[in-house]
Amino acid sequence: MQKATDPREELRLTAATPHAPAIAVRDLHRIYAVQGRRESKQPPRVALDGISLTIPHGEVHGVLGPNGAGKTTLVKILSTALLPSSGSARVLGFDVVTEAAQVRARIGVALGGERGFHVHLTARQTLRFWAAMLDIPKALREDRCDAVLARFDLLDRADSPVHTYSRGMRQRLHLARALLPDPGMLFLDEPTIGVDPAARRDFRTLVSTLAADGKTIVLTTHDTSEAEQICDRVTLMDRGRILVTDSPAALSALFDERTQVDVEDADAPALDAVGRLPGVASVNRDASGCAHVRLTSSAAIRPVIETLLAHGAVQVRTVRPPLESVYLSLTERQAPEA
């Protein structure tokens, strides 16, 4: 008896343009018209303001930005859930507008949060429904559902209603659904929002495994430390525009002049004195008690260290700024004047 084959596998292995990047975005705009008579005099809201971006195959690419930056709008357009106002976007060689069906056949999408499921269905029933919607052959559906349930440690609760799931379990079910068709590309929108540290660690391990399998992964997040750990490159967005795209290490090196000084044993008077020095952007103490002094230029290093030493601090070191500091620096530069 011949083994059943999944026609989606053939689709996934056949690219429209063999040497095309995984994602190619050119001058993409998305504008939302303000609805309602009372708001009719307000200007339209610009969610994406002419962005261009290229992502190669096999890359884990993070899109970072605050609420309203345009991250989710970008993912919705790339996953064919939303039409652009103008510009073009191609995913795995296919146009997201004119070849949307071909794009959908090759991608998996997981949105953050707890919505998107019929909460009175079980996880197994949910995945069976989506397997049918995705045209996965009947002969493969049960095995495919069991495989993704096992991968996300949900097999023992597969026949429990989704409304009995914790938030972290629902997040894992979102990811299981995204992997159901074994897609070549994954779009993950805020995949770890609201989950505990252990679930975040498991997610990072999963992403590394999927990347090793050759999948292209695009994830949006607010968590700069998460992006720094798992992403090959990151795109920093603010108010519908791309500020910069590069590897986390390259971005930190690019902004190395905004040096950070860390001190383990400074008391409050020492930090107050440092905070008044020219060239000091901020002084913050973390939960462990370590103080982080962020500088506007390397010229402030010497007076900061001298002040700390004069107040009795001895555990002082200069460090390259983390990705979070780079992002804050960029968004501060972009902030409109009051």
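Read-outs throughout are calculated quantities, based only on the coordinates presented, and are distinct from any laboratory measurement. For clarity, every value in this text was computed on a predicted model and none was experimentally measured. In this analysis, Cβ positions are derived from the backbone assuming ideal geometry, glycine residues included, and neighbour counts consider all displayed protein chains.
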Taking the alpha-carbon centroid of each part, what is the distance from region 192-224 to region 228-292 in angstrom?
23
Log10 I(q)/I(0) at q = 0.12, 0.22, 0.24 Å⁻¹ for region 257-319, from Debye over equal alpha-carbon scatterers, is -0.22, -0.77, -0.93
Can you compute 3J(HN,Hα) from phi for each residue in region 148-160, using the Karplus curve 6.51 cos²θ - 1.76 cosθ + 1.60 with θ = phi - 60°, rounded to whole Hz and x for Gly and Pro?
6, 4, 5, 4, 9, 6, 10, 5, 6, 10, 4, 9, 9
Please compute P(r) over all alpha-carbon pairs of the chain, binned at 10 Å starting from zero, and give each bin as a whole-number percent.
5, 21, 27, 22, 14, 7, 2, 0, 0
Cβ neighbours within 10 Å, averaged per peptide: list 226-239, 97-110 in order, most packed at the top.
226-239, 97-110
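Full-extension gain between Arg201 and Ser298, please, as 0.36 nm times their residue separation minus the C-alpha to C-alpha distance.
Values: separation 97, 0.36 × 97 = 34.92 nm, distance 3.47 nm.
Answer, rounded to one decimal: 31.5 nm.
I'm checking a number: the convex hull volume of the Cα atoms of region 50-147, normalised per residue, in Å³. What is it? Let's see the in-between values first.
Details: hull volume 14.0 nm³, N = 98.
Hull volume normalised by residue count: 143 Å³.
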Modelling each spin label as a point 7 Å along the Cα-to-Cβ direction, I'd like the Arg276/Ser247 distance in nm, to one decimal.
4.4
